[in-house]
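Before any comments, here is the structure.
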Amino acid sequence: MNTAHTPPPSADSSTFNTSAPAGPPLGVAMIGYAFMGKAHSNAWRNVASYFDVPAFEQKVLVGRDAGQVAAAAEKYGWAESATDWRSVLDRDDIDIVDICAPGWMHAEIAIAALEAGKHVLVEKPLANTLAEAEAMTEAAQAARERGVQSMIGFNYRRVPALALAKELIAEGRLGTVRHVRAAYLQDWLVDSDSPMTWRLNKETAGSGALGDIASHAIDQVLFLLGGTVTEVSGRLHTFVTSRPGAHGPEEVTVDDAAWATLTLDTGTIASVEVSRMATGQKNSLKLEIYGDKGSLLFDLEAINELGFLDATVPVREQGFRRILVNEPGHPYMAAWWPQGHVIGWEHTFTHEIRDFLAAVNGGTPPSPSFEEGLAVQRVLAAVEESANAKSSIIQLASPHTSATEGA
Ligand SMILES: NC(=O)c1ccc[n+]([C@@H]2O[C@H](COP(=O)([O-])OP(=O)(O)OC[C@H]3O[C@@H](n4cnc5c(N)ncnc54)[C@H](O)[C@@H]3O)[C@@H](O)[C@H]2O)c1
């Protein structure tokens, strides 16, 4: 089975520093092989066919069950499998560790990997607690001094339509952004008999819809607008408090839905609303960005489209126009198909891994960094604190006063 990946000469050469000495392929290890493990494996497997990236090898896949992880390694293109992630960190032929395990494992694995000199890609949210996220960020900063890179998997930054939205906002096409609505709606928990999973237990997940999907929505607000959050008020709610577990009913100890209002130091106010109980909404990250010169609309369930209203044209001509973000000139799209040929959710991971490999190769810090992951984690913690205080407004210290500068 060929697990080595070297890009064909035709792929785009925008990011790859061809002058860099062609060292041995980067050895990649991944921990976890279920939902995210599958999505990331798909990306590792095809990225070199579409983008010019440094040579790498899908070396080892790690999981708990030897038989199952060996089968997954075979299926997803990994050369080997293992059941002990610590032993993998001792290997000299491993340069990159991709963490696709549940949140309670992120801090321990990421910090150990960075200290072992491995570049780290970790799934979101950064950690289950603020303290863990701060410790991870300090480890990332120390590692960066040694040329070791780290990135968090907020993959929706790599949706071409959202990358275009960021460009339009940065170009001033919306003017001053005043009001933002960010919602992430799913319905996989509507059935009260849907069984317990690690996601519904605070010890393994840290929080529920808050950490799982509000983290994406909050990251998008910060990605699109920049700035930092200075004030937060929040509310959490669990609609179904007990679910069938392996040995009878088990208590659900996390939120099914969360609401928050964020004040940014730019003067923008953002509302964030997330739910796992929104019947009929399957995976709908909705973003509405309102400025004094224009507005943008996005829905992940129509991932190739961006709604844009230009309020600088005469009022009688104003209206949201639908931009099909599939032109070669749109972010990432030159690597895929001719205009109008749509792409999917899974392409965002290929874009993410392409950018991560380019940063590792170029010795430049990739984004989103752990510091950016920590900025989201601070908001998550403030929402929880506010929810426990009757939704009172929580002031967030300016990032520059914290121990972890630049977060
Ligand atoms: N970026 C996204 O869009 C997105 C989507 C879903 C999940 N996630 C994040 O990805 C991470 C993983 O979520 P998932 O949905 O893939 O979870 P999952 O339950 O589908 O998979 C978890 C994997 O971790 C493995 N695992 C669990 N405990 C382990 C241990 N002790 N040692 C080794 N392996 C272990 C399991 O065997 C499984 O392969 C979470 O942080 C989640 O928030 C991100």
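The values are calculated or read from the model by the stated rules, or taken from the named source; none is laboratory data. What you see is a predicted model, and the numbers here were worked out from it, not measured in a lab. Cβ placement follows ideal geometry from the backbone for every residue including glycine, while neighbour counts extend to all protein chains displayed. These accessible areas exclude ligands, DNA and RNA; they are computed on the full protein's heavy atoms, side chains included. Shrake-Rupley method; radii C 1.70, N 1.55, O 1.52, S 1.80 Å.
Okay, here's what the table says:
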item	result
Pair list, Cβ < 7 Å and 6+ apart or interchain, from region 215-228 residues that are open to solvent by 20 Å² or more (accessible area, probe 1.4 Å) and aromatic (Phe, Trp, Tyr) to residues that are in a helix (DSSP H, G or I) and at pLDDT 95 or above	223/157; 223/166
Residue satisfying all of: in region 329-361; buried (at least 20 other Cβ atoms within 10 Å of the Cβ) and of a type in the set (Val, Ile, Thr); nearest to residue 147 (Cα to Cα) among these	360
Selection count where residues are under 23 Å from residue 26 (Cα atoms) and either away from the ligand (no atom under 13 Å from the Cβ) or of a type in the set (A, V, I, L, M, F, W, C) (or both), scope region 333-349	2
Residue check, residue 108 within 30 Å of residue 255 (Cα to Cα) and open to solvent by 40 Å² or more (accessible area, probe 1.4 Å)	yes
Residues (crowded, with 21+ Cβ neighbours inside 10 Å and within 12 Å of the ligand (Cβ to nearest atom)) located in region 83-96	85, 88
Every residue from region 125-160 that is in contact (Cβ under 8 Å) with a residue 24 or more places away in the chain and open to solvent by 30 Å² or more (accessible area, probe 1.4 Å)	129, 130, 132, 134, 135, 138, 141, 142, 144, 146, 147
Residue in region 385-407 that is touching a Leu at 6+ places or on another chain (Cβ under 7 Å), more than 16 Å from the ligand (Cβ to nearest atom) and part of a helix (DSSP H, G or I) present	yes
Pair list, Cβ < 8 Å and 6+ apart or interchain, from region 358-373 residues that are within 19 Å of residue 135 (Cβ to Cβ) to residues that are modelled with pLDDT under 95 and open to solvent by 40 Å² or more (accessible area, probe 1.4 Å)	371/406
Residue that is surrounded by the fewest Cβ atoms within 10 Å (Cβ to Cβ), among those in region 39-71 that are more than 25 Å from residue 92 (Cα to Cα) and within 10 Å of the ligand (Cβ to nearest atom)	68
